[in-house]
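The values are calculated or read from the model by the stated rules, or taken from the named source; none is laboratory data. Treat the numbers as computed from the prediction; the structure is a model and nothing was measured. Here Cβ is always computed from backbone atoms with ideal geometry, including for glycine, and neighbour counts include all displayed protein chains. Each accessible area value is taken on the protein alone, full model and side chains, heavy atoms only, with ligands, DNA and RNA left out. Shrake-Rupley method; radii C 1.70, N 1.55, O 1.52, S 1.80 Å.
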Amino acid sequence: MTTVLRILPSVGVTDLHALLDSLVRAPAHRPFAEPLVQFAAELSVRLLSDREARTIPALQALGFWTRLSALQRLRAGWDAGQGRDAVAVPRGLVFHIPPGNVDTIFVYSWLLSLLVGNRNVIRLPSQETRAIGILCRIMGEMFAAAPAVAAGTAILRYGHDDHITAALSAACDLRVIWGGDRTVRHIRGLPLAPHASEIAFADRFSLSALDASAVTALTPNALEELARRFFNDSYWFDQLGCSSPRIVVWIGSAAAVVQASETFFKALARAVKEKAYEVDVGTALGKIAYSHRAVLDLPVSAVRQLSNELLVLQLDPPCVPRADLYGAGTFFETRLEQLADLAQFVRRQDQTLTVFGFTTASTRELAVTINGAGIDRIVPVGEALSFHHLWDGNDLLRSFTRLVHVGV
Amino acid sequence: MNTAAPTVAPLAPYLSAPQFSLSEAVKHALLLADLNTLTEYHREHSVAYARVLARFASGRSATRVEEVPWLPVALFKSHLLSSVADSQRTTLLTSSGTTGQQVSRITVDGETADRQARGLAGSIQHVLGAKRLPMILIDTKSLLKDRLQMSARGAGVLGMMRFGRDHLFALNDDMRLDVTGLREFLAKHAATPVALFGFTYMVWKYFYQELARLGDIDLSRGTLIHSGGWKKLADEAVDNATFKRSLGNVCGLRRIYNFYGMVEQIGSIFLEGDDGLLYPPNFSEVVIRNPRTWEPAAVGEVGVVHVLSTLPLSYPGHSVLTEDLGALEHIDRPQGAGRLGRAFRIVGRAPKTELRGCSDVHAFGNSRAA
């Protein structure tokens, strides 16, 4: 008999097979059924009002994403996208393996899957973060009042136990693997049932492109606002999210970029101070060591350490280093003449490009020029970490459902 | 060794004066010139070092010892930094490290090895005297098997051996105390002072514990020099005071001197004084740096330890920022230990952090949402 620790809907050690049994037998909902939408909307209300949750920006972002009006828009878009000869139905039991570096992802993954009617089992890693603790408390209360939803959900906590992961993999209809290349490779070693599918999120890399002249032309207030947005993009999750920008690509002449870079990073340093983001001694020493290694290994033309929290490594000639990155406020920067010049540097693992100072037309032209070499989303500075159901080239609502062809 | 060219940063001025006899003002006047010379020397001889200087240093000579540019100690783990041509014969020293962890790699040629030995002699002879004493190494003979690639522990023991004679390696290969050998040694040298050397943890675990069991070993004529840090012993609640008291009680050993050192600056040991504080030798210096501003910290303020030494010629290791935390206690106050110069203490390692991401590791601005 294999037991596993269940955290939600309620805490308890449970027999794994009995658990899977009850999940499979739990009532299935229709996509966007009212109880599901209400549950998700209720989570938003709780997160935005809970005293503890309000101290964690990432939980506020989650609360904002799952608010009723957004869910209604999501449902409306879903309904509008339904074909006349197909009925979209839940896949069944979805097994989610969230990443270790961004602790709120499991909720987005689970909510999208829940909204389209699936039953869900989620593996939480052994190490609990404060955000997860708060989420579990809130969700525990909500499940107690929503038995129909609770019946179809199991959130488990276990360490690296392939035995449990294998059993869950064999029982599910869809497996969702977050967490990067190493995790994906490992989990892929554990088989799925023949009919089951999988979505895997591999290592990704993200960038930011800023127009030098546009940055320099900003009013002081607007500059501080841009810096604050860039802060949110890059410092949440210690810059370790797959969407966190690691490099700033300046577009403009050499002279324009020198000025813009100085202005911008000074403003970013102010935002860091304003938000009271601080690294400890160990991290500070790690960054110093990293900056020295980078100088020896990469074409670093200048190093600016504005503080322990903000390190800028200028690259010339332009290049985009993607391996051995440090976080907690370590930025590469480089310069190109035109935005379109960025296309040649794009690689398959590039996910998010945040932009500021370009027209919609030139941004679209860039996407066209890149022509699929990489980059799954181009969004304004400030929205790098905004979760969207279109993620890494997947429409997750579609991925979490399947289509029944009704040809009569 | 090139005898035609004048020696870079000669050691004679630092070794002819008794150790710990130079005031800060006198010492810094000497050191500053030599450290600046060494910065330039390594810039010329190491492409990697020149590159680092170009990006991190001002390019101007330092006007104070505190301004001499430094390298982070981790760089010696990731890169092999050398100021010697590849064709020349060198020894590679490595630091100790747990499995899987990268180790520091230090290139030592004949000349630098000689400087290290002379530097070390100045410090050791300060506590042991000029004559070679019968010496007990609290370690195993098998440590010194491979002379071409030596661990820091091996190099440390080998370095110490030249200050003694009739050496006894007190531990067998299985780390058990060679009780017979020890008794024979002490009987043979019953009338003379003896020297002992070992790594702190090993002295406690493999030597002291056994002596406590035996109960009848007399080391009252001994002087123990030890190093290696208190981290492992902290788990057993053994600090410097406990260590000294226990050894004194069990075998009468009362002249005990701890020192702080590292493979990146072998030969330069910061030796404990009678006041329990650590003191740099004449040719080295310690700067404590505020971990936020990286400027020199005030006396008493805990910060990151930055060590300087004029010994390293074959590798750019004359100025190294460690990952240890420490604090200056006083400068030029000979009342405590009869020593001039800076007195400091080591607090411990800077906690090793692994960035994990996640929302709450740095709960910034608790009172406001983004």
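Tabulated values for the structure
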item: Fraction of accessible area attributable to carbon and sulfur, the protein assembly as shown (%, probe 1.4 Å); result: 52 percent
item: Area accessible to solvent at A:ARG137, 1.4 Å probe radius, in Å²; result: 80 Å²
item: GNM flexibility winner over chain A from A:ASP85, A:ASP341, A:ASP211 (Cα, springs under 10 Å); result: A:ASP85
item: Listed pairs B:LYS27/B:LYS131; A:LYS266/B:LYS27; B:LYS145/B:LYS352; A:LYS273/B:LYS27 exceeding 29 Å between Cα atoms; result: A:LYS266/B:LYS27; B:LYS145/B:LYS352; A:LYS273/B:LYS27
item: Under the Karplus curve 6.51 cos²θ - 1.76 cosθ + 1.60, θ = phi - 60°, whole-Hz ³J(HN,Hα) for region B:182-199, x wherever Gly or Pro sits; result: 5, 4, 4, 4, 5, 5, 5, 10, 5, 9, 10, x, 10, 10, 10, 9, x, 7
item: The protein assembly as shown: calculated mean residue ellipticity at 222 nm from DSSP helix runs of at least 4, using -39500 (n - 2.57); result: -10500 deg cm²/dmol
item: Largest-first principal axis extents of the Cα set of region A:60-118 (Å); result: 41, 27, 13
item: Calculated from backbone phi, Karplus (6.51, -1.76, 1.60) coupling profile of region A:187-194 in Hz, x at Gly/Pro; result: 5, 4, x, 9, x, 9, 5, x
item: Square roots of 5 times each gyration tensor eigenvalue, C-alpha, chain B, largest first, Å; result: 34, 26, 22
item: Lys, Arg +1 and Asp, Glu -1 on Cβ, resulting dipole of region A:71-142 about Cα centre, debye, nearest 20; result: 60 debye
item: Amide proton proximity set for B:VAL68, modelled H, under 5 Å, gap of 5+; result: none
item: Leading residue at positive end of dipole, region A:112-246 (Cβ point charges), from A:VAL121, A:ILE132, A:VAL176; result: A:VAL121
item: Accessible surface, per residue, of the protein assembly as shown when the full set of protein chains is kept, probe 1.4 Å, Å²; result: 42 Å²
item: Positive-pole candidate from B:VAL302, B:ALA237, B:HIS318, dipole of region B:213-323, charges at beta carbon; result: B:ALA237
item: Other-chain or far-sequence residues with amide H under 5 Å of A:PHE332's (modelled H); result: A:ILE247, A:VAL248, A:LEU313
item: Spin-label model distance (nm) - B:ASP166 vs A:ALA276, 7 Å beyond Cα toward Cβ; result: 6.7 nm
item: List B:VAL302, B:VAL307, B:VAL47, ordered by accessible area with a 1.4 Å probe, largest first; result: B:VAL47, B:VAL302, B:VAL307
item: Other-chain or far-sequence residues with amide H under 5 Å of B:ARG342's (modelled H); result: B:ASP332
item: Cross-link reach list, aspartates and glutamates versus B:LYS77, counting only Cα pairs under 20 Å and skipping chain neighbours closer than eight places; result: A:ASP297, A:ASP324, B:ASP86, B:ASP109, B:GLU264, B:GLU323, B:ASP324, B:GLU354
item: Chains A and B, summed buried accessible surface - 1.4 Å probe, Å², nearest 100; result: 3800 Å²
item: 0 to 90° range, to nearest 10: angle between helix A:105-115 axis and chain A longest Cα axis; result: 50 degrees
item: With Cα atoms, 0 to 90° folded angle of helix B:24-45 axis to chain B main axis; result: 70 degrees
item: Among A:SER44, A:SER126, A:SER169, residue whose mean-square fluctuation peaks in a GNM of chain A (springs only between Cα atoms under 10 Å); result: A:SER126
item: Partner lysines for B:LYS205 [C-alpha distance under 19 Å; skip if fewer than 8 residues away on the same chain]; result: B:LYS141, B:LYS231, B:LYS232, B:LYS244
item: Residue-by-residue Karplus 3J(HN,Hα) for region B:62-73, coefficients 6.51, -1.76, 1.60, Hz, glycine and proline x; result: 6, 9, 9, 4, 5, 8, 4, x, 10, 10, x, 4
item: Surrounding net charge for B:LEU11, when Lys and Arg each add one and Asp and Glu each subtract one, Cβ distance under 13 Å; result: -1
item: Selected from A:THR263, A:THR352, A:THR153 as most flexible by GNM, with chain A as the system and alpha-carbon contacts under 10 Å; result: A:THR263
item: Semi-axes of the equivalent ellipsoid for chain A, Cα gyration tensor, largest first, Å; result: 39, 23, 21
item: Centroid-to-centroid separation of region B:25-44 and region A:70-128 [C-alpha atoms, Å]; result: 64 Å
item: Nearest-ten-degree value, helix A:281-297 long axis tilted from longest Cα axis of chain A; result: 60 degrees
